[in-house]
Amino acid sequence: MLNTKAQQAKIILGAGYTLLFILLVIWLPERGHGGDLGHWERWSQFMLSEGLANVYNYGLGVETEFPCNYPPIILYFYNIFALIFNDAEAITEYAKYFKVIPLIFDFIGAMLVFLIIRPINRYWWVPLLLLLNPAYLYNSYLWGQMDSILTVFVAAALLFAIRKQAYWATISFGLAIHTKFQAVVFIPVFILAMIPLVRSWRLLINIFLLGAATLILPLLPFLLSGTIDQWYTVMSGLVDQYRNVSLNAFNFWQFVHEGQDALYAKDYQPFWWGLNYKTWGLSLFFISSFFALLPLTIGVFRHWFKPGYKIQQFSSLLFLSAVLCILCFFFFNTQMHERYAHPALLLSFLYGVARKDYLLFPLTAIAYFLNMEAILHFFEWDYGSFVFQKDFVAVLFLSAILYGFYRLYKDHRKVFTLATTAPQTE
């Protein structure tokens, strides 16, 4: 017998969100990004016959235009998918169900919202604002990509850090590193989130050892099979694999590239003052990231050196810094795919809930949705319309970035002034 109404509410909520997930699986679209779903299909079939530990042979020992170049965590899920169907033809027949893997993580991401809202039974509807938002589900449900897995691990790491659960935060971020290479963008944010938790050498050593174990364990199949060198060859080759100025990301380069088509330009070509596109992109990213992290850095180190000083609105500051880092990464760097802004959706929603600021998420979501739909053409709309033009979408992304910086320096300016009395934390 249930003791409290709160427990009953949790059961009802769990049943309701489970039913929604089942309905979405039943209505799972047949269509998606044919190229990506084709990759998952062929990689899974190869793992079924050759084993997970040999999966990188698909790119090194097998002549193909679609080499396996994903980190291990995602490949584990593909391997499970292959083992469930246990037949190459069945994998082809049911390839659309690859979308269920990231869809699960979409729901996990939405459930993370409950960690920062109370009471749950009163705000049960808040995660629905994510799950019923077409931008949030687009990458998984329509496209069929896996960026939601990275997003959830990063968001969970930050939330665990906020809740002072250092070990779980370390595990989550270690898994993020093995999920998508873009996780490196969040390393400074994660380190800053962890610094207030580390008050002893023992804890620091434990975190270091746990982090090392989390990074090593996913590689065990490759280590034990002697194929770790193949993993290293593939992972080290991800940088500069595509030397395009933009890979369908409607970002800064749409404004400045001659001809307005950065897809076919190479980023090693000279751009300005003798420096190439890539160098300028990295420079702009590092400069913008510096200012995105400055208030958080000042607050964290003041808290570290003066324990009585508390960081003003720490959770919202942390989420907003993370949002700006990934948006600046997407907006200024070359070689960006249209999907690389995906983590900004969940992180900006968490920021909105924590800060009660409801503009950053829709700005980001609209820009992301238009960029994705302009490439996939899932709904078969009029793509000559101005809302799908690259310049217009780039302006929306820029608006989200500028608004984020405005809120960052307006709301958190108190971290620059060490008050005589500690400001209240959230």
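Here are the numbers:
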item	result
Residue identified as at pLDDT 95 or above and crowded, with 19+ Cβ neighbours inside 10 Å among LEU396, LEU359	LEU396
The range 320-339: number of residues that are part of a helix (DSSP H, G or I) and either within 15 Å of LEU398 (Cβ to Cβ) or without any contact (Cβ under 8 Å) to a residue 12 or more places away in the chain (or both)	9
The range 271-307, subset farther than 26 Å from LEU398 by Cβ and hydrophobic (A, V, I, L, M, F, W, C), residue modelled with the highest pLDDT	VAL300
Residue count, the range 186-217 (criterion: surrounded by 14 or more Cβ atoms within 10 Å (Cβ to Cβ) and either touching a Pro at 6+ places or on another chain (Cβ under 8 Å) or among the aromatic types (Phe, Trp, Tyr) (or both))	2
Condition broken by LYS310, with the remaining ones in (1) of a type in the set (Lys, Arg); (2) under 25 Å from the mean Cα position of the chain (by Cα); (3) modelled with pLDDT under 80 satisfied	(2)
Qualifying helices (runs of 4 or more DSSP H) (wholly inside the range 195-238; at least 2 residues being within 25 Å of the chain's Cα centre (by Cα) and more than 16 Å from PHE160 (Cα to Cα))	201-216, 228-236
Residue count, the range 97-133 (criterion: modelled with pLDDT under 95 and hydroxyl-bearing (Ser, Thr, Tyr))	1
Out of SER225, SER289, SER283, sole residue that is among the small types (Gly, Ala, Ser) and within 23 Å of ASP391 (Cβ to Cβ)	SER283
Filter pass, LEU220 being without any contact (Cβ under 8 Å) to a residue 12 or more places away in the chain, surrounded by 14 or more Cβ atoms within 10 Å (Cβ to Cβ) and farther than 23 Å from TYR340 by Cα	no
Qualifying residues in the range 374-384 (those that are at pLDDT below 95 and not hydrophobic (A, V, I, L, M, F, W, C)) - the one surrounded by the most Cβ atoms within 10 Å (Cβ to Cβ)	TYR383
Selection count, the range 340-388, where residues are in contact (Cβ under 8 Å) with a residue 40 or more places away in the chain, farther than 21 Å from VAL113 by Cα and assigned to a loop (DSSP other than H, G, I, E, B)	1
Condition broken by ASN371, with the remaining ones in (1) modelled with pLDDT of 95 or more; (2) farther than 30 Å from LEU318 by Cα satisfied	(2)
Enumeration of residues in the range 89-127 that are surrounded by fewer than 17 Cβ atoms within 10 Å (Cβ to Cβ) and either acidic (Asp, Glu) or not in a helix (DSSP H, G or I) (or both)	GLU89, GLU93, TYR94, ILE117, ARG118, PRO119, ILE120, ASN121, ARG122, TYR123, TRP125
Single residue of the range 67-82 satisfying the filter (in a helix (DSSP H, G or I) and either over 20 Å from the mean Cα position of the chain (by Cα) or of a type in the set (Asp, Glu) (or both)) that is surrounded by the fewest Cβ atoms within 10 Å (Cβ to Cβ)	ILE80
Unmet requirement for SER225, which otherwise passes all of (1) in contact (Cβ under 8 Å) with a residue 40 or more places away in the chain; (2) surrounded by 14 or more Cβ atoms within 10 Å (Cβ to Cβ); (3) not aromatic (Phe, Trp, Tyr)	(2)
Every pair of residues 6+ apart whose Cβ atoms lie under 7 Å, when the first sits in the range 155-170 and is surrounded by 16 or more Cβ atoms within 10 Å (Cβ to Cβ) while the second is among the polar types (S, T, N, Q)	ALA156/SER172; ALA157/SER172; PHE160/SER172; ILE162/SER315; THR170/THR214
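The values are calculated or read from the model by the stated rules, or taken from the named source; none is laboratory data. Predicted model only: the values in this text are computed from it and were never measured. Please note: Cβ atoms are built from the backbone with ideal geometry, for glycine as well, and neighbour counts cover all protein chains shown.
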